[in-house]
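Derivation of every value follows stated rules applied to the coordinates shown; laboratory data play no part. Everything numeric here is computed off the predicted structure, so don't read it as measured data.
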Amino acid sequence: MEATDTTETPESEPQSGSYLRVRWIAEHFDVAVSTIYALIDSGDLPAIAIGCGAKKALRVHRDDFEAYEKTLRTTTQTATSPAA
């Protein structure tokens, strides 16, 4: 069996339909990992927990990530639109 590199960076985006690591999302947005955990804790960014206890891993489905990113674009565009 051939070993594959599973390191994800913004330059090598994961395939659609896959789950994303918190670290990849933080790098994508150029923010701290703790910022992404706060978004997950607040419920703004849905995630699944794999495992149990302190060693559990959180993953975000690609579709949820893209939906969240879209709300950021909409919010930003609305906030920066000139007043009528």
* Asked: From the phi of every residue in the range 28-34, what ³J(HN,Hα) in whole Hz does the Karplus formula 6.51 cos²θ - 1.76 cosθ + 1.60 yield, where θ is phi - 60° and glycine or proline is x?
  -> 4, 8, 6, 10, 6, 4, 4
* To do: Work out how much length S18 to R62 would gain on full extension: take 0.36 nm times their residue separation and subtract the Cα-Cα distance, in nm to one decimal.
  => 15.3 nm
